[in-house]
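Undergrad: Next up is a structure, given as structure tokens.
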Amino acid sequence: MRTRVESHMLVIANKEAGSTEPEAIERALEVLRAAAPAELVYCESRDHLQDCLDARAGRPVVVIGGDGSLHTTVSALYARGELADCPVGLIPLGTGNDLARGLDLPLDPAEAAEIVRSGSLRTMDLIADDNGGAVVNAVHVGAGAEAAQAATPLKPRLGPLAFPLGAVLAGLRTKGWRLTVVVDGRTVARPRRKTLMVGLANAPSIAGGTARLSPEAVPHDGQIDVVVSHSVGRMARLGYALHLTRGRHTGRDDVVSLRGREVVVSGEEFFINADGEVTGPRRHCSWRVVPGAWRMYLPSGPPADPGAAAAAGDRRVG
């Protein structure tokens with residue numbers, strides 16, 4: 001469905017996000033305002049975000065920032081019960097911009113704004129957790145969360161290069177967790193075999209495009225792509241990391257890859273990385289897919305066939 005933005009827009013920018021320089025924001029605003037009036041607000045905190053959304057008055061929201069900024073805004077709209085009725089656009093000026101990469105959104109601010117102005121409004125799945133949170137791109141348990149923690153202080157100096165370095169640091173430290181992982185009622189990992197990482201993907205890319213958690217993930221197929229890695233030995237961790245950068249890790253003997261609608265992880269204390277936002281520790285958490293929960297401005301083109309992706313089922317279960 002081709003959609004032209006004709007109403008006023010609420011543009012929310014996060015000054016702390018990756019590369020949101022004023023010049024880049026102005027380039028995006030110039031394009032957006034050629035289609036409709038756009039109010040720019042700088043969000044300073046989660047409480048301030050709620051104030052901004054209180055004043056939205058039915059307007060579409062355009063997020064200027066990265067995965068974390070989009071995650072925070074979409075999660076807030078979801079918690080308020082407003083997400084389904086609020087078209088969302090993204091100007092990807094964060095550090096990683098993984099969802100944008102997975103959706104073929106341009107990283108140039110003016111080109112991304114043009115997608116909001118004249119692209120297609122398409123439905124997107126959401127991954128909802130048992131604590132009222134929401135995930136737009138991917139969530140990790142275990143080494144993925146430790147990698148995000150290690151990368152955070154490095155991002156201001158290294159940008160996207162902080163992600164692979166954080167992964168190396170996490171890989172050197174971790175020895176795995178004893179976890180139970182259940183997908184749609186089926187136990188796919190047990191505590192007797194340590195787990196390095198559990199990943200849930202709504203789109204292919206993580207770590208600023210330096211890794212492909214699930215190369216075939218489709219964010220509007222009504223499914224969660226699940227990856228469970230048991231690569232806990234020193235050489236196994238290295239091999240897994242190298243394969244992950246190429247999207248070939250799902251072919252390993254110590255990796256389980258499948259699709260499902262609900263995932264439950266429990267066991268030893270673990271941290272959670274949801275779209276780059278790290279929380280925890282937790283001993284139990286569950287996630288479920290909410291098909292077609294929101295709508296996003298995307299490059300024009302024929303809609304993907306969700307039935308074909310769903311019919312593919314489990315690609316590999318080890």
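The values are calculated or read from the model by the stated rules, or taken from the named source; none is laboratory data. Source: prediction; values computed, not measured. Cβ coordinates were reconstructed from backbone atoms using ideal geometry, including for glycine residues, and neighbour counts include every protein chain displayed. In case anyone asks, the SASA skips ligands and DNA or RNA and just uses the protein heavy atoms, side chains included. Shrake-Rupley method; radii C 1.70, N 1.55, O 1.52, S 1.80 Å.
Undergrad: Using alpha carbons only, how many angstrom separate the centre of segment 186-253 from the centre of segment 25-96?
TA: Cα centres, segment 186-253 to segment 25-96: 30 Å.
Undergrad: Additional query: Tell me, what HN-Hα J-couplings in whole Hz come from the Karplus equation 6.51 cos²θ - 1.76 cosθ + 1.60 at θ = phi - 60° for each residue of segment 287-297, using x for Gly and Pro?
TA: 9, 9, 7, 10, x, x, 6, 8, 10, 9, 6
Undergrad: From the phi of every residue in segment 277-282, what ³J(HN,Hα) in whole Hz does the Karplus formula 6.51 cos²θ - 1.76 cosθ + 1.60 yield, where θ is phi - 60° and glycine or proline is x?
TA: Working through the residues one at a time gives 9, 9, 9, x, x, 10 Hz.
Undergrad: List the residues, sorted by chain then number, that are 5 or more residues from Met9 or on another chain and whose placed amide H is less than 5 Å from its amide H.
TA: Ala38, Glu39
Undergrad: Probe of 1.4 angstrom, ligands and nucleic acids ignored: what's the accessible area per residue over segment 14-80, in square angstrom?
TA: On the way: 3170 Å² over 67 residues.
Per residue, segment 14-80 has 47 Å² of solvent-accessible surface.
Undergrad: Once the Cβ-Cβ distance between Glu268 and Met235 is put in as r, and R0 is 22 Å, what FRET efficiency do you end up with, to the nearest 0.05? Provide the component values of the computation, followed by the final result.
TA: On the way: r = 23 Å, r/R0 = 1.05.
Once rounded, the FRET efficiency stands at 0.45.
Undergrad: With a 10 Å radius around each residue's Cβ, average the other Cβ atoms per peptide and rank 234-240, 96-102, highest first.
TA: Values: 234-240: 15.9, 96-102: 25.9.
Going from most to least packed, we get 96-102, 234-240.
Undergrad: Take each of the peptides 255-261, 53-59, 241-247, average the number of other beta-carbon atoms within 10 Å over its residues, and list them starting from the highest.
TA: Numbers: 255-261: 21.1, 53-59: 13.6, 241-247: 17.0.
In descending order of packing, they fall as 255-261, 241-247, 53-59.
Undergrad: Which ³J(HN,Hα) values in Hz, rounded to whole numbers, follow from the phi angles of segment 23-38 under the Karplus curve 6.51 cos²θ - 1.76 cosθ + 1.60, where θ = phi - 60° and Gly and Pro get x?
TA: Once rounded to whole Hz, the list reads 4, 5, 5, 5, 4, 5, 5, 4, 6, 4, 6, 6, 9, 6, x, 9.
Undergrad: Run the accessible area of segment 189-296 with a 1.4 Å probe and give the carbon-and-sulfur part as a rounded percent. Display every interim value, and only then the final one.
TA: Numbers: 2070 of 4280 Å².
Reported share for carbon and sulfur atoms: 48 percent.
Undergrad: While we're on this one: Show the residues, 5+ positions off or on another chain, whose built amide H is closer than 5 Å to the amide H of Ala134.
TA: For Ala134, whose amide H was placed from the backbone, the distant partners under 5 Å are Asp129.
Undergrad: Can you tell me the mean projection area, over all orientations, of the convex hull of segment 192-250's alpha carbons? Units nm², please.
TA: Numbers: hull surface 16.9 nm².
The number I arrive at for segment 192-250 is 4.2 nm².
Undergrad: Now for a separate question. What's the ranking of 77-84, 185-192 by average number of surrounding C-beta atoms within 10 Å, highest first? Each step should come with its number before you reach the end.
TA: On the way: 77-84: 16.1, 185-192: 13.1.
Ranking the peptides 77-84, 185-192 by packing returns 77-84, 185-192.
Undergrad: Give me the net charge for the shell around Ala236: Cβ to Cβ below 14 angstrom, other residues only, Lys and Arg +1, Asp and Glu -1.
TA: Net charge around Ala236: +4.
Undergrad: What whole-number value in Å² describes the accessible area per residue of segment 221-265 for a 1.4 Å probe? Each step should come with its number before you reach the end.
TA: Working: 1800 Å² over 45 residues.
With all protein chains present, segment 221-265 gives 40 Å² per residue.
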